[in-house]
Amino acid sequence: MTGETGVWLYAVTAAADAAPGFDGLAGVAGEPVRIVTVEPLAALVGSVPLDVFGAQPMSRNLEDLDWLAATARAHDAVVSAAVRRAPSAPLRLATVFLDDERVRELLRDRQEDLAAALVLVSGRTEWGVKVYGDRAALSGAIAEARAEPAGKGTGAAYLARRRAQLSAQETVEHDAAQRAEIIHTRLSRRAAAGRRQPTTDPALSGRTDWMVLNGTYLVDDDRADDFAAAVDALGAEYPGIRLELTGPWPPYSFAGVEREPP
Amino acid sequence: MNSVDSERRIALVDLLDRVLAGGVVVSGDIKLAIADVDLVQISLRALISSVSTLYGPAPESPR
């Protein structure tokens, strides 16, 4: 199937914001990015060769980490360029249509949905917060807190401390989960929306740290500093807990149909 | 693994978390037949196996 192309979707934006086009922007196949419009929406798309991006070749290619990484970064580059210009709803990676007419069909059929997504992400940016727990520090802190009333330097105090240490190890996971929940709640309060993603498999991240929360938040742009300060403050407040802020991200986690209730 | 590689890899995992699991999802009838859920599974499997090959015990990676 030489020469056949499909249409890769990057993002949807308001038609008024898409004009006059994205000159010089290249997509996942190095192709020029173009616009398909059905008022009041526009889709950023590119024509991609089906011998690479067709369903079957693509599922093979996705098994190749280098290919996946390059494609994800190219997709993100176009999406990010769109977001820098105007509120945009990113499409999930590897959304390929048969032709432009199918793209128009999407813009017509899902107009309400997509317009609502654009309203939600307008003036807001996605930020990631990953929370790591230090097992030793956490159980130490718990044990100390529990042993304190017994006084210091006596045999009874030693035994109390020892008992506290052992039970602390048992409850540290429970406590960390509780803290993660509190942190998520407090960050969500400073955001328009927040959601918890599955924690990253250590095999993927290559880190041995213990991830207790992988949260992502849609934050009003004029409250971004406030949000970053809250992340710092939470880190200082909880010994043995480390928070890591990532972003700014295009609103990948908040432009989809399944949205978290406010 | 040096810290630049490590940072890049974490950034990649963060990015993949978002582009594979987030974004607007389009149903199958108007696009090429690619199952979204399967896609994520495939990719993460690919990641795990490739990452362990790329960044495994042998540090003499050509890249």
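The values are calculated or read from the model by the stated rules, or taken from the named source; none is laboratory data. The structure presented is a predicted model; accordingly, all values stated were derived computationally and were not measured. Ideal geometry is used to build each Cβ from the backbone, glycine not excepted, and the neighbour counts take in all protein chains shown.
Applying the set (1) at pLDDT 80 or above; (2) more than 28 Å from the chain's Cα centre (by Cα) to A:Gly140 leaves exactly one unmet item: (1). I'd like to know if segment A:113-123 contains one or more residues that are touching a residue at least 60 places away in the same chain (Cβ under 8 Å), within 15 Å of the chain's Cα centre (by Cα), assigned to a helix (DSSP H, G or I) and farther than 30 Å from A:Gly240 by Cβ. Yes: one or more hits.
Let's see how each residue does on (1) surrounded by fewer than 16 Cβ atoms within 10 Å (Cβ to Cβ); (2) among the aliphatic types (A, V, I, L, M):
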site	(1), (2)
A:Gly215	no, no
A:Leu218	no, yes
A:Asp225	yes, no
A:Val231	no, yes
A:Gly235	no, no
A:Pro239	yes, no
A:Trp249	no, no
A:Phe254	no, no
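Test A:Ala55 against the criterion of being surrounded by fewer than 21 Cβ atoms within 10 Å (Cβ to Cβ) and among the aliphatic types (A, V, I, L, M), and give yes or no. Here the answer is yes, as A:Ala55 does meet what is asked.
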